[in-house]
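The values are calculated or read from the model by the stated rules, or taken from the named source; none is laboratory data. What you are looking at is a predicted structure, and each value in this text was computed from that prediction instead of being measured. Methodologically, a virtual Cβ is constructed for each residue, glycine included, from the backbone with ideal geometry; neighbour enumeration extends over all protein chains shown. For the accessible areas, the whole protein counts, side chains as well, though only heavy atoms, and no ligand, DNA or RNA atoms are used. Shrake-Rupley method; radii C 1.70, N 1.55, O 1.52, S 1.80 Å.
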Amino acid sequence: MAEGLVQCSLCSKTYLMNKNLYQHMRTVHNVSPQLKGKILCPLNCEESFRSHKDFRKHLETFHKYMLENEMQDFANLEMFETWKKSYEETSGYKYVCHSSEKILKTGEGKTYFFCHRSGVSKSDTTGLKSPRRCLSQKIGKTCPSAMEVSRSLADGTVKVDFWKTHIGHTAEPEFATPCKKSKTKKLEKIDFEVCAILPAAGSGERMGLDTPKQYISIHQKPIICHTVDAFLRIPFFKKVIVVAAPDCVDVMLQTLSEMCKLEGDKLMITEGSNARHLSILSGLKALKSYCEVQPEVVVVHDGVRPFFPEDIVSKVVHAAKEYGAAGVTCPLVSTVISVDDKGFLDTSLDRNKFRASEMPQAFQFDVLNKAYTESTANDLEHGTECLHLVQKYANVRAKLLPVSSHLWKVTHHKDIYTAAGVLKESQTVAVICKEQTSEFVTLLKNVLGKTFKFVHSVAKFNVSILGKFPNIVQVHETENPYCVIEKMSSFQKVSDLTSIVHVFINSFDPTINFLEFQKQAKISAKVLKLANILVYFIVREETEPMDSIEEMVDLVKSLLFESNPHASGNVFLS
């Protein structure tokens, strides 16, 4: 047989390509050839697979591995890329795409990002090196961790099916930094003066509570403090002006001083009005009075909108510098109709042609100042849309940027609970346990990963963890409960609320007085609450092993997610 030809084992036919031979065997001999896969099992069972799906099924059924899986949803491709980069940097694992990423950018199909096994070649472990193509024979054994990523053509949303478990290698953070520059267009650096005005002088009538909504606490912290902290974290803001109601200036000053991370004189508080536009005008006057250099761009954002991505702020600032004014919009959820004087339907608008105006908005300082200086008293007292004033009195049409529907503000009573949930979902969790591969810890990380933003594995507890993670789970196998309480007595006060769940995975020591332990736990929790730390205890009872484990996992998730201060110090039997 000529060199380079492949011959059918059932007849004398020869072919140049394997795929032609396989087609011949299926059509002529009705035989499905057993093809050897390129994906090798890392557990030395000599099995190979043609797809990661078959590979993961083999690990779960044959080797009894419990593989962590979580689903992630993103409003657009940029948010996914930011999340992926952040995960790589914090976890120490890199993910690469072995096919064209154009598939993902056009939304024509699914794209897969596979664990690159830290991007370390066997021949070079001495320094950084451009990562090899996934499945390279020069990199260690195959790892089941992968991201199945798909993008919708309709609205640009990105869905990620993330298999997180790694086998056969450990994380090496020094090799996990991206080696290729992202093809996503990056914004130019903001090297001009930018200030922010946060109107927070409303009475919150729609909330239906005696306390104005900006002072309502979400996880032990007023809403206005969450918003202010988010703006103070953005480095390009020179001044952040909070506009308070005339009779609440002192309350606002005390609240922000006690609950926010203040640095220098970046934050200012000024007196406003119950009318939104008059409050913004007060903020403008404060900027003119106290800023040595007049800002080029001013961002206006509601004090009760604590959730917004920093990249959105950057985009509206750049757009305002270029066009004079900029805002963000999101699709309408409900159809807008008009009603006649007798209460009957008049007209129904096509919601596809209209958008909901959201925050933040940004303006060139001179444009915004001109609009508010020339506005009539009626517009200032009864208007609500800054972009409309700028178009009407400064003759500047705002550039509108489409965003997701997550930029809502806390308006009604039910929004408080939604905001608490959104805040928790954006947080990270540290799971502290010496044995990270135990059945309980694996299930725990899998469940928490579906609720919280990131789940980090930590082998040993140290005090510095308190400042890094707002949610901590510490799993104890043999440690005495009284020793756990004693160690917590040295904790210092933290700036952000931290919830700690101690899980005693083995059955409770019968020699310990349970009632006395409950008493000591309550006393310790009362002291820790003053340090902004909530603590809960879960003790395992002798029941059916799997039922007990699943119950404990659900209990841990609920305690962290709710972070109920009234339950701090409680001991739960599971």
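Are any of the residues in the range 388-400 in contact with a Phe, Trp or Tyr (Cβ under 7 Å, 6 or more places away or on another chain) and either free of Cβ contacts under 8 Å to residues at least 60 places away in the same chain or open to solvent by 70 Å² or more (accessible area, probe 1.4 Å) (or both)?
Checking the range 388-400: at least one residue is in contact with a Phe, Trp or Tyr (Cβ under 7 Å, 6 or more places away or on another chain) and either free of Cβ contacts under 8 Å to residues at least 60 places away in the same chain or open to solvent by 70 Å² or more (accessible area, probe 1.4 Å) (or both).
Which of the helices (runs of 4 or more DSSP H) found entirely inside the range 335-451 contain at least 3 residues meeting this: within 30 Å of T165 (Cβ to Cβ)?
Hits in the range 335-451: 413-425, 439-449.
What are the residues in the range 396-445 that are polar (S, T, N, Q) and out of contact with any helix residue (DSSP H, G or I) (no Cβ under 6 Å at 6 or more places or on another chain), if any?
Filtering the range 396-445 down to residues polar (S, T, N, Q) leaves 404-405, 411, 418, 426-428, 436-438, 442.
Once the filter is applied, which keeps residues that are polar (S, T, N, Q) and out of contact with any helix residue (DSSP H, G or I) (no Cβ under 6 Å at 6 or more places or on another chain), the range 396-445 yields S404, S405, T418, S426, Q427, T428, Q436, T437, S438, T442.
Just to be sure before I move on: is Q364 polar (S, T, N, Q), touching a Gly at 6+ places or on another chain (Cβ under 6 Å) and farther than 18 Å from P199 by Cβ in the structure I sent? So that I can check it myself, show each step before the final result.
Details: polar (S, T, N, Q): yes; touching a Gly at 6+ places or on another chain (Cβ under 6 Å): yes; farther than 18 Å from P199 by Cβ: yes.
Criteria met by Q364.
May I ask you to list the residues in the range 318-350 that are touching a strand residue (DSSP E or B) at 6+ places or on another chain (Cβ under 7 Å), at pLDDT 90 or above and within 30 Å of V367 (Cα to Cα)?
Passing the criteria: A319, A320, K321, Y323, G324, A325, A326, G327, V328, T329.
Could you check how many residues of the range 433-462 are within 22 Å of A420 (Cα to Cα) and of a type in the set (D, E, K, R)?
3
In the range 70-99, which residue that is open to solvent by 20 Å² or more (accessible area, probe 1.4 Å) and small (G, A, S) is nearest to V403 (Cα to Cα)?
For the range 70-99, the residue satisfying everything is A75.
Out of the residues in the range 457-466 meeting the condition of being surrounded by fewer than 17 Cβ atoms within 10 Å (Cβ to Cβ) and within 23 Å of the chain's Cα centre (by Cα), tell me which one is modelled with the highest pLDDT.
Looking at the filtered set, the residue picked out is S457.
Table: residues versus (1) more than 18 Å from S558 (Cβ to Cβ); (2) open to solvent by 30 Å² or more (accessible area, probe 1.4 Å); (3) in contact with a strand residue (DSSP E or B) (Cβ under 8 Å, 6 or more places away or on another chain); (4) at pLDDT below 85.
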residue	(1), (2), (3), (4)
T418	no, yes, no, no
Q427	no, yes, yes, no
T437	yes, yes, no, yes
K450	no, yes, yes, no
K468	yes, yes, yes, yes
I472	no, no, yes, no
V484	yes, no, yes, no
I500	no, no, yes, no
N506	yes, yes, yes, yes
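Exactly one condition in (1) open to solvent by 50 Å² or more (accessible area, probe 1.4 Å); (2) in contact (Cβ under 8 Å) with a residue 24 or more places away in the chain; (3) more than 22 Å from F237 (Cα to Cα); (4) not acidic (D, E) is not met by L345; state its number.
(2)
Quick check, is S357 in contact (Cβ under 8 Å) with a residue 24 or more places away in the chain and either among the small types (G, A, S) or surrounded by 11 or more Cβ atoms within 10 Å (Cβ to Cβ) (or both)?
In short, yes.
Can you tell me which residues in the range 250-285 are aliphatic (A, V, I, L, M) and touching a residue at least 60 places away in the same chain (Cβ under 8 Å)?
A275, L278, I280, L281, L284
Residues that are at pLDDT 90 or above and open to solvent by 30 Å² or more (accessible area, probe 1.4 Å): list the strands (runs of 3 or more DSSP E) wholly contained in the range 233-304 that include at least 3 such residues.
Qualifying strands (runs of 3 or more DSSP E): 267-271.
Would the range 225-245 turn up any residue that is farther than 28 Å from L530 by Cβ, among the small types (G, A, S), in contact (Cβ under 8 Å) with a residue 40 or more places away in the chain and out of contact with any His (no Cβ under 9 Å at 6 or more places or on another chain)?
Yes, the range 225-245 contains at least one residue that is farther than 28 Å from L530 by Cβ, among the small types (G, A, S), in contact (Cβ under 8 Å) with a residue 40 or more places away in the chain and out of contact with any His (no Cβ under 9 Å at 6 or more places or on another chain).
Which count do you get for residues in the range 201-223 that are touching a Ser or Thr at 6+ places or on another chain (Cβ under 7 Å), under 30 Å from I500 (Cα atoms) and open to solvent by less than 20 Å² (accessible area, probe 1.4 Å)?
Qualifying residue count for the region: 1.
Which of the residues that make up the range 154-177 are open to solvent by less than 60 Å² (accessible area, probe 1.4 Å), outside any loop (DSSP other than H, G, I, E, B) and modelled with pLDDT under 70?
Answer for the range 154-177, where residues must be open to solvent by less than 60 Å² (accessible area, probe 1.4 Å), outside any loop (DSSP other than H, G, I, E, B) and modelled with pLDDT under 70: just F175.
Are any residues in the range 67-96 at pLDDT 80 or above and either part of a loop (DSSP other than H, G, I, E, B) or of a type in the set (K, R) (or both), and if so, which ones?
L67, E68, K84, K85, Y93, K94
Any idea which residue in the range 44-56 is modelled with the lowest pLDDT, counting only those that are open to solvent by 50 Å² or more (accessible area, probe 1.4 Å) and under 34 Å from the mean Cα position of the chain (by Cα)?
So, considering only residues that are open to solvent by 50 Å² or more (accessible area, probe 1.4 Å) and under 34 Å from the mean Cα position of the chain (by Cα), the one modelled with the lowest pLDDT is R50.
Residues that are modelled with pLDDT under 85 and in a helix (DSSP H, G or I): does the range 183-206 have at least one? Reasoning before the result, please.
Initial filter on the range 183-206 (modelled with pLDDT under 85): 183-189, 202-206.
This time we only want the ones that are in a helix (DSSP H, G or I), so: 205-206.
Yes, the conditions are met somewhere in the range 183-206.
Could we say that Y22 is modelled with pLDDT of 80 or more and aromatic (F, W, Y) here? Can you show your working first?
Values: modelled with pLDDT of 80 or more: no; aromatic (F, W, Y): yes.
So Y22 fails the test.
May I ask you to list the residues in the range 305-314 that are β-branched (V, I, T) and either open to solvent by 10 Å² or more (accessible area, probe 1.4 Å) or in a loop (DSSP other than H, G, I, E, B) (or both)?
The one that is β-branched (V, I, T) and either open to solvent by 10 Å² or more (accessible area, probe 1.4 Å) or in a loop (DSSP other than H, G, I, E, B) (or both): I312.
Keeping to the range 458-504, report how many residues are of a type in the set (F, W, Y) and either touching a Gly at 6+ places or on another chain (Cβ under 9 Å) or part of a strand (DSSP E or B) (or both). Quick ask: steps written out before the conclusion?
Keep residues of the range 458-504 that are of a type in the set (F, W, Y), which gives 461, 469, 482, 491, 504.
Still in the running and either touching a Gly at 6+ places or on another chain (Cβ under 9 Å) or part of a strand (DSSP E or B) (or both): 504.
Looking only at that region, the number is 1.
Condition first: touching a Ser or Thr at 6+ places or on another chain (Cβ under 8 Å), basic (K, R) and in contact (Cβ under 8 Å) with a residue 60 or more places away in the chain. Can you find one or more residues in the range 439-452 that meet it?
Taking every residue of the range 439-452 in turn, at least one turns out to be touching a Ser or Thr at 6+ places or on another chain (Cβ under 8 Å), basic (K, R) and in contact (Cβ under 8 Å) with a residue 60 or more places away in the chain.
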